[in-house]
Each structure stands twice: as C-alpha cells, then as structure tokens.
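The values are calculated or read from the model by the stated rules, or taken from the named source; none is laboratory data. Note that the coordinates shown come from a computational prediction; the quantities given were computed from them, not determined experimentally. Don't worry about glycine lacking a Cβ; one is built from the backbone with ideal geometry, like all the others, and counts go over all protein chains shown. Each accessible area value is taken on the protein alone, full model and side chains, heavy atoms only, with ligands, DNA and RNA left out. Shrake-Rupley method; radii C 1.70, N 1.55, O 1.52, S 1.80 Å.
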Amino acid sequence: MRVVQMRVNRVDFPKTLGDMRGWLDRNNHPLVRFETKGESASINIKVHFDSDDLAELFRQDFRGSYSD
C-alpha cells in the first residue's frame with residue numbers, strides 16, 4: 001500500500017478535497033483510506049492507495065510526496 005502525503009493551507013482545504021474527489025471519480029478508484037491532521041495554518045492530508053501506479057499518478061497531479 002502506498003501513502004501520498006500533502007500539506008494544504010486551511011483556506012484551500014475545501015477546494016483541494018473536492019479536486020481530490022473528482023480525481024478519484026475520474027480514475028474509477030475508491031479511496032482506500034484518507035487521513036487529515038490540522039495544524040495552525042495548514043492541514044496535512046494522507047491518502048492511502050492499494051495501487052502503486054495510481055498513487056504515483058495522484059502524487060504527480062497533486063504535487064504530494066510519499067509518506068514513511
């Protein structure tokens with residue numbers, strides 16, 4: 001399982017979440033697991049995928065990184 005991590009500004013979080021949902025719908029792939037952790041000015045998002053290939057496409061499109 002691959003985990004893609006990204007950090008977004010709190011103000012941008014709703015739009016980012018909608019963009020992520022649209023991306024997953026277009027790629028016909030349900031989310032395996034989704035986590036958020038809020039900090040003062042930003043929100044850390046972790047998205048878990050069961051497909052390494054799909055995780056890589058998502059990482060590229062959303063400028064994320066792989067989580068440990």
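Observations on the structure shown:
Quick grid of which residues meet (1) part of a strand (DSSP E or B); (2) within 13 Å of Arg2 (Cβ to Cβ); (3) β-branched (Val, Ile, Thr):
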position: Arg21; (1), (2), (3): no, no, no
position: Glu35; (1), (2), (3): yes, no, no
position: Ser40; (1), (2), (3): no, no, no
position: Ala55; (1), (2), (3): no, yes, no
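- Scanning the stretch 26-49 for residues that are open to solvent by 90 Å² or more (accessible area, probe 1.4 Å) and at pLDDT 90 or above yields Arg26, Lys37.
- For the stretch 8-25, a tally of residues being within 16 Å of Asp61 (Cβ to Cβ) and surrounded by 13 or more Cβ atoms within 10 Å (Cβ to Cβ) returns 7.
- The set of residues from the stretch 8-19 being modelled with pLDDT of 95 or more and under 9 Å from the mean Cα position of the chain (by Cα) comprises just one member, Thr16.
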